[in-house]
Amino acid sequence: MELIYFVLCAYGMTYMLVYGSIFDFLRPKKGKLGELLHCPLCTGFWVGVFLWSINSFTELFTYDYNLTNGLLLGSISAGTSYFLSSILDDFGLKFRNTKGGDN
């Protein structure tokens, strides 16, 4: 259950940082930081590392503080945030028309 809470927290935070209009004034348009904050995979990794680093302040999930856990949780966060961002948007599931025409 802890991993599900972690993934949901990571996805929510990643989605807000990458797509949330409330952070438009903070999100740079150019440079490396701008690239980072426009990519759910990249931002998701650092969100996962951040959540791992503050996990002692929550009862939702508890992971040992070691480099392996930090890298693995960052990777889990990156992968799930990217996957969920690719299938979901503000209106629910994304549907892509793969046929030609107006179908």
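A few remarks follow.
- Distance from the stretch 1-25 to the stretch 65-82 (C-alpha centre basis), Å: 14 Å
- Percent carbon-and-sulfur accessible area, the chain, ignoring ligands, DNA and RNA, probe 1.4 Å: 67 percent
- Taking θ as phi - 60° and the Karplus parameters 6.51, -1.76 and 1.60, the scalar couplings of the stretch 60-69 work out to 6, 8, 9, 10, 4, 8, 8, 4, 4, 4 Hz in sequence order, x denoting glycine and proline.
- With the helix formula -39500 (n - 2.57) applied to DSSP H stretches of n ≥ 4, the chain reaches a computed 222 nm mean residue ellipticity of -18500 deg cm²/dmol.
- Accessible area per residue for the chain, computed on protein heavy atoms with a 1.4 Å probe, is 70 Å².
- Relative contact order computed over the chain (Cα-Cα under 8 Å; 6+ residues apart), in percent: 31 percent
- Database note for the chain: Cys without another Cys beta carbon under 4.7 angstrom, C9.
- Helix axis angle, 2-19 relative to the chain longest principal axis, alpha carbon, degrees: 50 degrees
The values are calculated or read from the model by the stated rules, or taken from the named source; none is laboratory data. The structure displayed is predicted, hence computed values, not measured ones. All Cβ positions, glycine included, derive from the backbone under ideal geometry; neighbour counts span all protein chains shown. These accessible areas exclude ligands, DNA and RNA; they are computed on the full protein's heavy atoms, side chains included. Shrake-Rupley method; radii C 1.70, N 1.55, O 1.52, S 1.80 Å.
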